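So the structure is just underneath, and the comments pick up after that.
Derivation of every value follows stated rules applied to the coordinates shown; laboratory data play no part. Just so we're clear, the structure is a prediction, and the values are computed from it rather than from any experiment. Methodologically, a virtual Cβ is constructed for each residue, glycine included, from the backbone with ideal geometry; neighbour enumeration extends over all protein chains shown.
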Amino acid sequence: MNITYEKCGDYLIPNLIPNPEPEGELRKFGLMRKSYLKNHRRGIYSGLLLSGELKKHLLMIQEQAEERFDLLVDQMAKQDEVTEQLKEQDQMLWVQRMNSIRARAEEIILNEIINHL
């Protein structure tokens with residue numbers, strides 16, 4: 001192991017360089033997972049943070065949640081017969097039903113992925 005030091009006054013301080021974080025932006029589900037870990041699973045949060053794996057974990061959860069969310073919304077829209085034809089006929093009813101579907105799908109994602117270990 002090759003460690004370099006920097007002199008600061010009378011002390012030698014090691015030059016510690018963390019591993020680079022993965023590319024990607026945290027969006028809604030990634031931030032929700034981070035908040036959940038930080039508030040309810042502090043040990044896991046601290047462990048991931050200290051090992052440099054937190055962002056990687058959050059991006060993975062975010063990807064899984066977004067894929068599942070899109071799949072659930074599509075399936076629920078088909079089941080509830082929320083189609084483009086309904087959108088043309090009655091836009092407000094279509095918006096109401098889609099908002100309901102999205103809220104239900106988000107609740108499922110919260111319980112299955114975000115708040116799950």
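For MET60, are the conditions met, namely being assigned to a helix (DSSP H, G or I), surrounded by 13 or more Cβ atoms within 10 Å (Cβ to Cβ) and either touching a strand residue (DSSP E or B) at 6+ places or on another chain (Cβ under 6 Å) or in contact (Cβ under 8 Å) with a residue 24 or more places away in the chain (or both)?
no
If I ask for residues that are assigned to a helix (DSSP H, G or I) and polar (S, T, N, Q), which ones from region 67-112 would you list?
If the condition is that a residue be assigned to a helix (DSSP H, G or I) and polar (S, T, N, Q), then GLN75, GLN79, GLN85, GLN89, GLN91, GLN96, ASN99, SER100, ASN111 are the ones that fit.
Taking region 32-46 as the region of interest, how many residues are free of Cβ contacts under 8 Å to residues at least 40 places away in the same chain, within 16 Å of LEU110 (Cβ to Cβ) and surrounded by 13 or more Cβ atoms within 10 Å (Cβ to Cβ)?
Final tally of qualifying residues: 3.
Step by step: first the residues of region 70-81, then only those that are surrounded by 12 or more Cβ atoms within 10 Å (Cβ to Cβ) and within 27 Å of the chain's Cα centre (by Cα), then the one that is farthest from ILE109 (Cα to Cα). Which residue is that?
Looking at residues that are surrounded by 12 or more Cβ atoms within 10 Å (Cβ to Cβ) and within 27 Å of the chain's Cα centre (by Cα), I get ALA77.
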